[in-house]
Amino acid sequence: MKKLYPFAGSIIAGWNKRVIKRAIWCLAALTVHCSLLTVHSAAAQDYVRRAPDLDRLTQELFAEIQSDEVPYEDLYETLLQYYQTPINLNTATREELRSLLLLNENQITTLLKHREANGDLLSVYELQSIEGYDLRTITRILPFVSVQSSNANASRGNLWQRIAKEDNNALYLRYERVLQQRQGYTPPTLYQGQPTTRYLGSADKMLIRYRVSHTKDFSLGFSMEKDAGEQLIWNPKNGQFGADYVSAHLLLQERGRLKALALGDYQLQFGQGLLLSSGLGVGKGAETITTLRRSSVGVRAYSSLLENTFFRGGAATYQVAPTVQATAFVSHKNVDANLQQSIDSLAQFDEFTSGLLYTGFHRTASELANRHQLAETVGGGNATYTSRSGNLAIGATGVFTHYGTAILKRPEPYNYFEFSGKENLALSLNYSYVYRNFLLFGETARSTGGGIGTVNGLLASLGSNVDAALLVRHYDSDFHTLYGNAFSENTRNINETGVYIGLKVRPVARWEVSAYYDQFRFPWLRYRASAPTDGHDALVRLAYSPTKTSLLYVQLRQRLKPRDLSATDLNNYEPGRALPLPGEQLRQSILLYYNTAISPQLELRTRMQALRLRDDTGLAWRSGYVLAQDVGYQLNRTLKLSARYSIFDADDYDSRQYIYEQDVLLAVSVPALYGQGTRVYGIAEIRLNRSLTLWLRYAETRYRHQDVVGSGLESIQGSLRSEVKAQLRVKF
């Protein structure tokens with residue numbers, strides 16, 4: 001705490017002249033937008049279920065995206081799945097309502113009490129009569145919910161006939177390519193008598209995806225993707241079926257006591273995601289309360305394109321008793337790994353790998369050699385008791401993992417407690433309890449070797465306009481969870497202790513203040529950090545919604561984290577000499593965002609984000625910023641146009657700026673911008689007829705003072721990188 005500098009003042013006071021000038025420009029743009037603001041009526045009859053504004057919702061949930069390690073595509077697709085198969089407010093459980101990430105615990109409780117006292121909702125408009133459901137809340141959840149008879153699926157006919165008649169039934173065809181020639185696609189040359197490495201496939205990236213689904217009934221689909229540089233190969237014996245990545249699933253739900261049956265690819269989420277976590281975890285962001293918890297959604301169909309976050313096999317959930325459900329699952333697939341032979345005849349394992357490879361790329365000969373080399377078998381289950389009121393839930397989870405080849409990390413001090421061997425067994429207990437306006441939740445687990453991981457939290461509605469959160473976590477240095485993703489500062493739940501405090505206040509109508517403070521510590525060494533370290537992360541956001549179609553907010557964030565040792569420090573290290581202690585890196589950022597609909601056809605968005613950072617006290621500050629202006633125009637029912645113009649300036653890669661971009665449906669774009677330059681893109685969404693919709697996207701990044709863009713096989717000679725993308729949706 002003593003290292004937390006005066007927060008807002010220190011962020012604003014230290015910006016260099018370049019950033020201040022750009023901030024003034026941005027505020028001027030906001031003023032122009034405000035002058036164009038049109039106040040819209042909030043009449044109830046305006047509410048109809050319409051397509052969600054996933055771009056704006058993503059901005060509200062994340063606000064500041066400064067990482068490439070978060071599976072945004074998985075969360076984005078989850079929200080889209082809720083739109084395509086909306087949650088029925090008359091039958092949704094507490095856990096299902098939590099999984100929306102948009103309702104606080106008090107709002108969920110009042111909805112359940114309203115259902116109990118008055119029966120099924122007759123219309124979504126009835127939400128206005130329920131305590132805690134203001135205009136903004138109702139507008140946000142409308143695309144993802146529906147109101148249907150409780151027995152909507154009670155009389156179901158033949159499955160294949162229902163699939164044939166289902167409206168939510170579509171095929172997607174996508175193509176994209178970088179227009180400039182990259183180094184990896186040039187003819188190979190000789191280096192020391194050997195040909196240089198090149199990509200084996202074409203520069204085209206292609207996707208075919210099909211899915212048909214119905215809420216609480218079924219989901220069937222498949223995906224096939226070829227990344228740029230990969231080959232199209234038909235070799236079934238080697239698991240290659242044309243495209244490099246092939247995925248398929250079948251999910252059946254609500255068949256009497258059989259609540260779910262998944263075959264093919266699927267995901268699991270129980271408790272707080274400590275052992276099993278799918279794509280429903282957001283973590284720290286602009287939403288400081290509701291995204292803190294995890295929801296036990298159980299078995300979910302998997303149709304995303306991430307090649308390492310799913311199970312492949314079968315899973316089933318069965319209603320053992322009115323208050324008890326049991327889930328069992330088994331998975332087997334081959335994952336990417338670099339297998340090595342032991343040179344020590346006395347070694348425990350003749351063959352081993354230093355770890356799994358998660359890129360999913362198989363473009364070069366070496367990447368292909370690592371493709372699907374490690375056999376992974378996972379099995380386990382969960383049993384959950386839920387009280388009849390739904391206020392208490394207690395669950396137990398077990399996950400056993402077996403690898404065909406042993407995993408042995410490099411013999412470095414920071415790897416001393418890392419997972420090694422072929423097998424890992426992890427067991428956990430989780431709980432959730434609602435008492436009045438308080439929610440207590442948590443999960444505690446133990447893995448092979450005795451490592452303990454635990455996360456426990458409290459959400460409280462202190463009043464109609466005040467929400468607070470407290471979360472405490474501790475993950476031992478020898479705690480190993482291979483498919484978990486509970487709340488943490490690290491990308492994995494290992495070697496961390498922390499306390500998170502969150503607050504959200506709505507002092508007056510249309511205004512909202514959100515804040516959090518997170519103090520964390522790493523008890524053991526980490527990569528390029530030779531001693532236990534600690535740090536903190538703090539955020540404050542002030543948001544104002546003049547109308548239901550406009551949003552303005554300013555956000556400040558400060559992070560103090562251990563600064564990893566540089567490669568030079570490690571190279572100069574002499575055995576027997578004490579390693580230098582890692583320093584600290586202070587990052588301070590500011591974000592201004594404004595979104596307004598001038599008319600039903602025209603929408604404007606302005607975004608300015610900037611940061612500055614320095615390694616250790618006394619060193620020079622480095623900074624980066626990006627300014628972006630978006631325009632969206634609905635020309636008519638058949639054509640929608642969107643475009644952005646942005647400028648960026650970042651001193652180095654550490655000060656790079658991640659900025660969320662609109663993309664074709666089911667795709668996510670979060671480029672990292674550094675150096676100096678401009679980035680523009682445009683999207684046309686064309687509805688050809690009732691069955692066919694076409695998306696066309698062009699984007700380019702133009703750099704200043706650079707003769708080469710990118711590095712290695714991705715490098716481009718020149719200062720321009722441009723991409724084209726086209727997608728066709730065929731609805732059946």
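The values are calculated or read from the model by the stated rules, or taken from the named source; none is laboratory data. Remember, it's a predicted structure, so these values are computed and weren't measured experimentally. Methodologically, a virtual Cβ is constructed for each residue, glycine included, from the backbone with ideal geometry; neighbour enumeration extends over all protein chains shown.
So Ile233 fits all but one of (1) farther than 26 Å from Arg721 by Cα; (2) in contact (Cβ under 8 Å) with a residue 12 or more places away in the chain; (3) among the hydrophobic types (A, V, I, L, M, F, W, C); what number is the exception?
With (1) farther than 26 Å from Arg721 by Cα; (2) in contact (Cβ under 8 Å) with a residue 12 or more places away in the chain; (3) among the hydrophobic types (A, V, I, L, M, F, W, C) applied to Ile233, the lone miss is (2).
Take residues that are aromatic (Phe, Trp, Tyr) and surrounded by 17 or more Cβ atoms within 10 Å (Cβ to Cβ) and tell me which of the strands (runs of 3 or more DSSP E) falling wholly in segment 130-240 contain 1 or more. Walk me through how you get there before you give the answer.
Values: elements: 169-178, 205-214, 218-226, 233-235.
So the answer is 169-178, 205-214, 218-226.
Just to be sure before I move on: is Arg521 among the basic types (Lys, Arg) and closer than 22 Å to Leu591 by Cβ in the structure I sent?
No, not satisfied.
Taking the conditions exactly as written (at positive phi and not polar (S, T, N, Q)), does Leu101 satisfy them or not?
Against the criterion (at positive phi and not polar (S, T, N, Q)), Leu101 qualifies.
Has segment 337-346 got any residue that is of a type in the set (A, V, I, L, M), within 23 Å of Ser428 (Cα to Cα) and assigned to a loop (DSSP other than H, G, I, E, B)?
Looking for residues that are of a type in the set (A, V, I, L, M), within 23 Å of Ser428 (Cα to Cα) and assigned to a loop (DSSP other than H, G, I, E, B), one finds none in segment 337-346, hence no.
Under the condition of being charged (D, E, K, R) and out of contact with any Asp or Glu (no Cβ under 8 Å at 6 or more places or on another chain), which residue from segment 604-629 is modelled with the highest pLDDT?
Arg612
Tell me which of these Tyr681 doesn't satisfy, since it passes every other one: (1) more than 24 Å from the chain's Cα centre (by Cα); (2) modelled with pLDDT of 95 or more; (3) closer than 25 Å to Ala170 by Cβ.
Single failed check for Tyr681: (1).
Looking only at segment 270-287, decide whether some residue is over 16 Å from the mean Cα position of the chain (by Cα), at pLDDT below 90, surrounded by fewer than 22 Cβ atoms within 10 Å (Cβ to Cβ) and among the hydrophobic types (A, V, I, L, M, F, W, C).
Scanning segment 270-287, I find no residue that is over 16 Å from the mean Cα position of the chain (by Cα), at pLDDT below 90, surrounded by fewer than 22 Cβ atoms within 10 Å (Cβ to Cβ) and among the hydrophobic types (A, V, I, L, M, F, W, C), so the answer is no.
Taking the conditions exactly as written (more than 30 Å from Gly379 (Cα to Cα) and more than 24 Å from the chain's Cα centre (by Cα)), does Leu462 satisfy them or not? Even if it seems obvious, please write down each step before you answer.
On the way: more than 30 Å from Gly379 (Cα to Cα): yes; more than 24 Å from the chain's Cα centre (by Cα): yes.
Here the answer is yes, as Leu462 does meet what is asked.
Suppose we filter Ala684, Ala672 for residues that are more than 21 Å from Gln180 (Cβ to Cβ) and of a type outside the set (Asp, Glu); which single one remains? Give the derivation first.
On the way: Ala672 fails: more than 21 Å from Gln180 (Cβ to Cβ).
Unique residue meeting the criteria: Ala684.
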